[in-house]
Every structure is written in structure tokens, then in C-alpha cells.
Amino acid sequence: MEELSPLHPRAESLRIRKKLVEGFKRGLVVEEGLAAHGRGEAFDYLLGEKTTREARRAIRAAAAAMLLAKNPVISVNGNAAALVPNEVVDLSKVTGAKIEVNLFHPSEKREAAIARWLRQHGADEVYGLEPKFSQKIEEIHSNRRKVDQRGIAAADVVLVPLEDGDRTEALRRLGKQVIAVDLNPISRTARAANITIVDNIVRAFPLLVSNARDLSGKKEARLLAIIRSFDNNANISATLKLMFKRLERLSRDIAKTFYG
């Protein structure tokens, strides 16, 4: 694929797609992951492909929650590994979070490829690969039930990038706090999570890293205040209103184009 001009109206979207295709060729991403990205991109269009004020609030609360956690874990699937490997590693180092590979469509070869890719980007240790530490969470009714005893199984806070409703609901029932990054604000993931970041992962993760760095070393009372002032349901509702307003504007523009 030839180099894209930064002036192309869909330059950023095409760059993201290229990363996913490269991830697919490396064995990180499966075909279903490409389809999932397309679904998310439709919601991103309704956000204006920008990080909203509401997303920034959620990101700030998420960074505070990860810093306060005793055993935070970043769950990584193929799309996350392909799109934000550097940021996953940076966030892990700033917050002390473990990185665990957890896949809906697993294979030993793919898990190893993702772990190797993350290590190439600076990860010291990647969990979720050693059978001797494997544990099943029976409340999860998919292949994601297999978790690492040292990671997600023992976590108090789990960051789940990209939609995963069944697991989010199950982890909440187990008493864990879940931070979700999901472009669909009405998904089960978004509604079940403690903190929902309605944003594109490629924009959200760099902001998570910068917020975590900014809050690192702050007093516990300051971090708790940030979390307690955050209302996830209200934040999702505000995001939905923004999306509906944009849809209304787009509808009016289309009507003018065709009907004058």
C-alpha cells in the first residue's frame, strides 16, 4: 500500500486499517477482528472521530482507578496488540499493571505471536500463556474463560479494550472493577463496566498513558476524589446525546443535498 497523503480525508482511518491488516499477516488478528473494527468505526463516525469531553473524563477516572488498584491487569486481544502495542506497554509500566493475553478465538500460535509482539515493544512479562497457571472462570461462557491465576483471576481492576460484554458482566459479578474501551455506548460492555471510555482505542490509550503519568505519585485522596466524582451512567447518556445530535445534523445535511 502506497504512502497516504496526510491531506486525504480518510487518512487516519486508512492508517488504522493498514495496521490491522499488518496485524492479520503477523498472526495477531483474526478475520472476525477485522469485522469488529468496521462495526466500531461506524460508531466513531458518530463521535466525529474525536475524543469527546466525556471520554476524557472517563479516561481520567480510569487512570486514577488503575493507580489505586492493588493488582491491575490490562487484557489484550489481537486488535489491541496490533493497534496500540507501545501504549499497552507504557500504561503497564506507569500503573504497574500486568499484561495478559486473552482471546475469544485462541490458539497457542496466536497467543505466542501476540506475546512476542508485545515483548518486541518493551513488555517485560506477558501473562496468559503458561498452562500451569491457567484457570477457568466458569461464569464466562466463551473461550475467554481461560485466565492466568496471577493475572485476571487475581485482579481487582481489569482494563478490557474493545467490546466484550459476556466477560465484563462475569468479572463484575466476581467483584472486579472493569474499565472498558468501547465505541458502542449501548453495548453490554459499556453498560456493565464501572468506567466506560467511549472512544477509539488509538486515541484513548495515549491519553490513558498521559493521565496515568500526570496522576502518578498523587495522594490517594486525590485519586479517590476523581473516581467518586465520575458517574458512568451519566457519562454514557451524555455521549449518546452527542451522537444523536451529530446524526440529526448529518440527516439535515443529507436532506438539503437531495431536496434543497
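Among DSSP bridges having both ends in the chain, what percentage is antiparallel? Round to the nearest 5.
15 percent
Please report the accessible area of I140 (heavy atoms, 1.4 Å probe, ligands and nucleic acids excluded) in Å², nearest 10.
0 Å²
Give the long-range amide H neighbours of I197: residues separated by 5 or more places, or on another chain, with amide H under 5 Å away, using H modelled in the peptide plane at 1.01 Å from N.
A180, V181, D182
Using amide H atoms built in the peptide plane, which far-off residues or other-chain residues are under 5 Å from I99 H to H?
Here the answer is I74, Y127, since their amide H atoms fall under 5 Å of that of I99.
Can you give the log10 of the normalised intensity I(q)/I(0) at q = 0.14, 0.15, 0.19, 0.24 Å⁻¹, computed with Debye over equal Cα scatterers of segment 161-245?
Log10 of I(q)/I(0), two decimals: -0.53, -0.61, -0.95, -1.25.
Suppose every K and R has +1 on its Cβ and every D and E has -1 on its Cβ; what is the size of the dipole of segment 36-181 about the Cα centre, in Debye to the nearest 20?
The dipole magnitude comes to about 240 debye.
Any chance you could list P(r) for segment 94-180, counting all Cα-Cα pairs in 10 angstrom bins from zero, rounded to whole %?
Percent of Cα pairs in each bin: 17, 54, 28, 1.
Cβ neighbours within 10 Å, averaged per peptide: list 110-116, 192-198, 151-157, 210-216 in order, most packed at the top.
Packing order, densest peptide first, comes out as 192-198, 151-157, 110-116, 210-216.
So which residue, out of F244, F24, F43, gets the largest mean-square fluctuation from a GNM of the chain using Cα contacts under 10 Å as springs?
Fluctuation is largest for F244.
Could you point to the residue in L118, N233, L207 farthest towards the positive end of the chain's charge dipole, with +1 and -1 charges on the Cβ of Lys/Arg and Asp/Glu respectively?
N233
In whole Hz and in residue order, list the ³J(HN,Hα) couplings for segment 69-79 that follow from phi through the Karplus curve 6.51 cos²θ - 1.76 cosθ + 1.60, θ = phi - 60°; x for Gly and Pro.
Those phi angles translate into 5, 7, 9, x, 9, 9, 7, 10, 10, x, 5 Hz.
Tell me, what % of the accessible area of the chain is carbon and sulfur with a 1.4 angstrom probe?
So the carbon and sulfur contribution to the accessible surface is 51 percent.
I'd like the Kirkwood hydrodynamic radius of segment 103-244, using the inverse of the mean 1/r over distinct C-alpha pairs, in Å.
Result for segment 103-244 stands at 16.7 Å.
Calculate log10 I(q)/I(0) of the chain for q = 0.13, 0.14, 0.15 Å⁻¹, where I(q) comes from the Debye formula with a single equal point scatterer on each Cα and nothing for solvent.
Summing over Cα pairs of the chain leads to -0.82, -0.95, -1.08.
Mind checking the dipole of the chain: about its Cα centre, +1 per Lys or Arg Cβ, -1 per Asp or Glu Cβ, Debye to the nearest 20?
540 debye
Given a Förster distance of 22 angstrom, what is the FRET efficiency for L250 paired with K18, based on the Cβ-Cβ distance and rounded to 0.05? Mind dumping the intermediate values first?
Details: r = 26 Å, r/R0 = 1.20.
Working from the Cβ atoms, E equals 0.25.
So for segment 123-260: antiparallel DSSP bridges make up what percent, rounded to the nearest 5?
Of all bridge pairs located within segment 123-260, approximately 25 percent are antiparallel.
A 31 angstrom limit on the alpha carbon distance is what I want to check against. Which of K176/K219; K50/K109; K25/K176; K50/K256 exceed it?
Numbers: K176/K219 23 Å; K50/K109 35 Å; K25/K176 35 Å; K50/K256 25 Å.
Beyond 31 Å between Cα atoms: K50/K109; K25/K176.
State in Å² the accessible area per residue of the chain; use a 1.4 Å probe, count heavy atoms of protein chains only, and round to the nearest integer.
Here the residues of the chain average 51 Å² of exposed surface.
The values are calculated or read from the model by the stated rules, or taken from the named source; none is laboratory data. Nothing here was measured: the structure is a model prediction, and the numbers come from that model. For neighbour counting, all protein chains shown are included, and Cβ atoms are generated from backbone atoms with ideal geometry for every residue, glycine included. For accessibility, only protein heavy atoms count, side chains too; no ligands or nucleic acids. Shrake-Rupley method; radii C 1.70, N 1.55, O 1.52, S 1.80 Å.
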